[in-house]
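The values are calculated or read from the model by the stated rules, or taken from the named source; none is laboratory data. In this text, all values refer to a predicted model and were calculated from it rather than measured experimentally. Virtual Cβ from ideal backbone geometry, glycine too; neighbours counted across all protein chains shown. Each accessible area value is taken on the protein alone, full model and side chains, heavy atoms only, with ligands, DNA and RNA left out. Shrake-Rupley method; radii C 1.70, N 1.55, O 1.52, S 1.80 Å.
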Amino acid sequence: MEHTISKKHIRVLELPKVLDRLSLLCHCEDSAQLALNIEPQSNLTDANRLLSQTVEAYTLTARYGAPSFGGMTNVNGCLTRASAGGSLSMAELLRVAETLRVIRSLKQWQENHAPTTDALAVYFDVLQPNTYLENRITTAIISEEEMSDQASPALADIRRKMRNASGKVREQLDRLIRNKSMQKYLQDAIVTIRGGRFVVPVKAEYRSEVAGLVHDTSSSGSTLFIEPTAVVEANNEIKVLESKEREEIERVLALLSAEAGSFADGIKIGFSACCSLDLVFAKAKLAFDMKASQPELNDQGIIDLHKARHPLLDPLKVVATDIRLGTDFDTLVITGPNTGGKTVSLKTLGLLTLMGMCGMMIPASDHCKLSVFNHVFADIGDEQSIEQSLSTFSAHMTNMIEILKRVDDRSLVLADELGSGTDPVEGAALATAILETLRLRGARVAATTHYAELKAYALQTEGVENACCEFDVATLRPTYRLLIGMPGRSNAFAILHRLGMEEAVIARSRQLVSTENQQFEQVVEKLEKSHTDLEEERLEIAALRRQAQEIAAKAAKEREELQKEREKILEQAKRTSHDMVEKTRAQAQQVMDQLEQLKKESNSENAAQILRRAKAEMSGGLRRLEDTADPVDQTGRSAYRLPRPLQAGDNVLIADIDKKGVVLTPPDASGYVFVQAGIIKTKVPLENLRLLEQEKAQIPKAEKRTIGIESRGLRKVSTELDLRGKASDEGLFEVDQFIDQAVLSGIESVVIIHGKGTGVLRQAVRQHLKSHRSVVSFRRGQYGEGEDGVTVVTLK
């Protein structure tokens, strides 16, 4: 069965008007013609391919702007003639060069902005810039009527000779007209050109006085334009050169034409790709103009449109509507008053379906769904034909007969005022039978009607759904919103009341309406009111949800700001406490230095004992000061309870520094536990530990550089001292301070970097270490440690 959608139905749904808008956005006649010739694709793969091209062009345009297609013209005919041996004119060659420029600019645009195109690669990949031919043409030809001297060496030589010959002729004639004896014969003392030859204007009465050839006469006959005999040969030479110039130009044109002909196939393919790209980017531009979005295509007959707008209506006045079909129902019966928007809803449904099948984005919100169909039928509008002696009813039925002959399970049928134009009882029965037949053949159907029987059919039949176009009785105006699931009312009596019809006439009309019809209208009225109330509640709930989301977002933002402020305050407190500790450390170091000096002066056992006690008190005081100054929040320690007593080998977490460790010994009488955290051994309060429920870890062996600190905090002490660049006295002073701090921190081995240099600093350091009380031994560095540039010291 043929799957081509009838042009008649395409025209009824006004797709050609959309394609006209699209063609106006193209940059050349060929791409504009491609736009006008677009046909909907019934194959899902083909439709998705076209749509993905449009979406990719839309994305690239939004990110980088559209490429330039200006100056592109169809040169296929010229190239065919050139490839057959014909010679092109300068204008035709310039059009070839302009097309090559467009091909080159498009390729450069792709390389700069979209080197990894996907959907558009089929076009960009065939673009083959030909800068050689482009430059040859633009260098040789200046305009459509002028060739450059650079076109060939021969042409440049001919034109040089022409300029020289013309100069000589002008020089001879200038001498002639300046001759006083000749001036009385001349009408004007000028040199002019007639018939391509240099002449002078001579008075007619002195014709015999000036020897030469007459080439022209003034309109009054009083002036003769004579070529003096003296310049005849020079003018002849110019004529010969002009003939040679024309021959050389023809030769250059033939040569350029032959080169263009040799590249004809590649240029034609490139031009075709340019036209296709022009069309795709025109689709993207139209999508921007319509504020369109990408639909999700399927071949299951599912249509789900949100806030869809008819693209040909005034965007400032069109009312967006929601339409769905093929989900939980396959037939939609739309009712309501005239001019309420029923026909617009049908056309919007059909036109957007055709646009999606053409690979175009649609004027609707995101995440809409459209289906591709083998056939899209539209019986919309007044098809009355006087010539064929057909009434409105006959015309509609003729269309429906043709539709029933071709409809299948992949068809979309749109029928306006189904069954109208005849007796209402027969029309309703006929409309119902047509809907049943279409449904039996698996088609998706949307139909408008005024028949109450079709409303009842939709209510009673599974897979058929009512819909109506909302009408505001208070203002006597339609809202143009489509309400699915709600049968429409005629509202005739309410409209008559608003218009001022006599109440007696309205009352009598109500009496003449059947009881069943009145009951049906009352049910519909109740349904409409319920639907309105539910819609208001839905909008209110949506507003409350948005408000709650805004409040939650605001609260989250404030919480984040408070957390940042808290962290800022804590960091500031840490810096302040660090400064306090460092200041106290410096003061304590001064006390140590004084005590050290006291020991040296007294040289007594008592002084040494005093020094050791002072150092211990200072170290403990510093640790207490650090613990006190640490602003880290300790909240929550007391809330934790160990699930069982700690044992050696348990994995634990040191809470205040968030570091994992391994228990070395059970808690002592004071509630402290020895814990190994990396290379550090520390004594930690029991309440500061969290048991990690894992297998017991093996207690690590002591490493060479294990640091033992009996404090609640861990302090960072360097094991290296760099003395390079310092004098001996200054360096030895820093060595004493460094070794004292290392001993207090329990470090067993340190490295002193003094460099190689002249060896003075190295010798002073090592000599000083020999007599230092805290040094067990020292050695030069090994290979990889710094060799003779460092000294490795073992401490007590």
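Structural remarks
- Matching residues in the stretch 313-332 - criterion: being open to solvent by 70 Å² or more (accessible area, probe 1.4 Å) and in a strand (DSSP E or B): 322, 324
Per-residue answers, yes or no, for (1) open to solvent by less than 50 Å² (accessible area, probe 1.4 Å); (2) on the phi > 0 side of the Ramachandran plot; (3) in contact with a helix residue (DSSP H, G or I) (Cβ under 7 Å, 6 or more places away or on another chain); (4) outside any helix (DSSP H, G or I):
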{"residue": "155", "(1), (2), (3), (4)": "yes, no, yes, no"}
{"residue": "160", "(1), (2), (3), (4)": "no, no, no, no"}
{"residue": "168", "(1), (2), (3), (4)": "no, no, yes, no"}
{"residue": "182", "(1), (2), (3), (4)": "yes, no, yes, no"}
{"residue": "188", "(1), (2), (3), (4)": "no, no, no, yes"}
{"residue": "199", "(1), (2), (3), (4)": "yes, no, no, yes"}
{"residue": "207", "(1), (2), (3), (4)": "no, no, no, no"}
{"residue": "226", "(1), (2), (3), (4)": "yes, no, no, yes"}
{"residue": "235", "(1), (2), (3), (4)": "yes, no, yes, no"}
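- Odd one out for residue 273 among (1) open to solvent by 60 Å² or more (accessible area, probe 1.4 Å); (2) under 20 Å from residue 50 (Cα atoms); (3) part of a helix (DSSP H, G or I): (1)
Residue-wise test of (1) farther than 30 Å from residue 78 by Cα; (2) modelled with pLDDT of 80 or more; (3) of a type outside the set (Val, Ile, Thr).
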residue: 186; (1), (2), (3): yes, no, yes
residue: 197; (1), (2), (3): yes, yes, yes
residue: 205; (1), (2), (3): yes, no, yes
residue: 220; (1), (2), (3): yes, no, yes
residue: 232; (1), (2), (3): yes, no, no
residue: 252; (1), (2), (3): no, yes, no
residue: 282; (1), (2), (3): no, yes, yes
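- Between 440, 404, 414, the distinction of being under 40 Å from the mean Cα position of the chain (by Cα) and not charged (D, E, K, R) belongs to 414 only.
- The stretch 413-431, residues that are touching a residue at least 24 places away in the same chain (Cβ under 8 Å), more than 21 Å from residue 469 (Cβ to Cβ) and either crowded, with 22+ Cβ neighbours inside 10 Å or among the hydrophobic types (A, V, I, L, M, F, W, C) (or both): 429
- A Cβ distance below 7 Å, combined with a sequence gap of six or more or placement on separate chains, defines the contacts here; from the stretch 90-106, residues that are without any contact (Cβ under 8 Å) to a residue 24 or more places away in the chain reach residues that are open to solvent by 30 Å² or more (accessible area, probe 1.4 Å) in the pairs 95/73.
- Number of residues in the stretch 766-790 that are under 60 Å from the mean Cα position of the chain (by Cα) and among the acidic types (Asp, Glu) equals 2.
- Among the residues making up the stretch 60-75, those that are loosely packed, with under 14 Cβ neighbours inside 10 Å and assigned to a helix (DSSP H, G or I) are 62, 63, 64.
- Among the residues of the stretch 176-216, just one is within 22 Å of residue 239 (Cα to Cα) and free of Cβ contacts under 8 Å to residues at least 12 places away in the same chain, namely 193.
- Top-ranked residue of the stretch 209-224 - restricted to ones that are in a loop (DSSP other than H, G, I, E, B) and small (Gly, Ala, Ser), ranked as most open to solvent (accessible area, probe 1.4 Å): 219
- Scanning the stretch 91-108 for residues that are in contact with a Pro (Cβ under 6 Å, 6 or more places away or on another chain) and open to solvent by less than 30 Å² (accessible area, probe 1.4 Å) gives 103, 106.
- The residues of the stretch 480-507 that are at pLDDT below 80, part of a helix (DSSP H, G or I) and open to solvent by 70 Å² or more (accessible area, probe 1.4 Å), listed by number, are 497, 498, 499.
- Residue, most open to solvent (accessible area, probe 1.4 Å), within the stretch 237-254, restricted to residues that are free of Cβ contacts under 8 Å to residues at least 60 places away in the same chain and within 30 Å of residue 134 (Cα to Cα): 246
- Test: residue in the stretch 611-631 that is modelled with pLDDT under 60 and over 30 Å from residue 736 (Cβ atoms): yes
Every residue, every condition in (1) farther than 14 Å from residue 14 by Cα; (2) touching a Gly at 6+ places or on another chain (Cβ under 6 Å); (3) part of a strand (DSSP E or B), yes or no:
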site: 334; (1), (2), (3): yes, no, yes
site: 345; (1), (2), (3): no, no, no
site: 348; (1), (2), (3): no, no, no
site: 354; (1), (2), (3): no, no, no
site: 366; (1), (2), (3): yes, no, no
site: 378; (1), (2), (3): no, yes, yes
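- Residues in the stretch 650-688 that are among the polar types (S, T, N, Q) and open to solvent by 50 Å² or more (accessible area, probe 1.4 Å) were compared, and the one that is nearest to the chain's Cα centre (by Cα) is 665.
- Scanning the stretch 142-175 for residues that are free of Cβ contacts under 8 Å to residues at least 60 places away in the same chain and under 29 Å from residue 92 (Cα atoms) yields a count of 13.
- Residue count, the stretch 108-149 (criterion: closer than 23 Å to residue 51 by Cα and touching a helix residue (DSSP H, G or I) at 6+ places or on another chain (Cβ under 6 Å)): 10
- Checking the stretch 729-740 against the condition returns no match, with no residue being farther than 30 Å from residue 656 by Cα and assigned to a strand (DSSP E or B).
- Residue list for the stretch 23-57, filter: part of a helix (DSSP H, G or I), open to solvent by 50 Å² or more (accessible area, probe 1.4 Å) and more than 26 Å from residue 268 (Cα to Cα): 45, 48
- Residue in the stretch 365-391 that is nearest to residue 309 (Cα to Cα), counting only those that are of a type in the set (A, V, I, L, M, F, W, C) and at pLDDT 85 or above: 368
- Residues of the stretch 740-788 satisfying the condition of being among the acidic types (Asp, Glu) and open to solvent by 80 Å² or more (accessible area, probe 1.4 Å): 748, 785
- Yes/no for residue 112 being open to solvent by 50 Å² or more (accessible area, probe 1.4 Å) and at pLDDT below 95: yes
- Selection of first residues in the stretch 398-411 that are farther than 12 Å from residue 8 by Cβ and of second residues that are among the acidic types (Asp, Glu) and not in a loop (DSSP other than H, G, I, E, B), restricted to Cβ pairs under 8 Å at least 6 apart or on distinct chains, gives the following pairs, ordered by first then second residue: 400/379.
- Evaluation of residue 310 against (1) without any contact (Cβ under 8 Å) to a residue 12 or more places away in the chain; (2) not in a helix (DSSP H, G or I) (one fails), failing number: (1)
- Test: residue in the stretch 115-134 that is open to solvent by 70 Å² or more (accessible area, probe 1.4 Å), out of contact with any Lys or Arg (no Cβ under 6 Å at 6 or more places or on another chain) and either within 30 Å of residue 236 (Cβ to Cβ) or hydrophobic (A, V, I, L, M, F, W, C) (or both): yes
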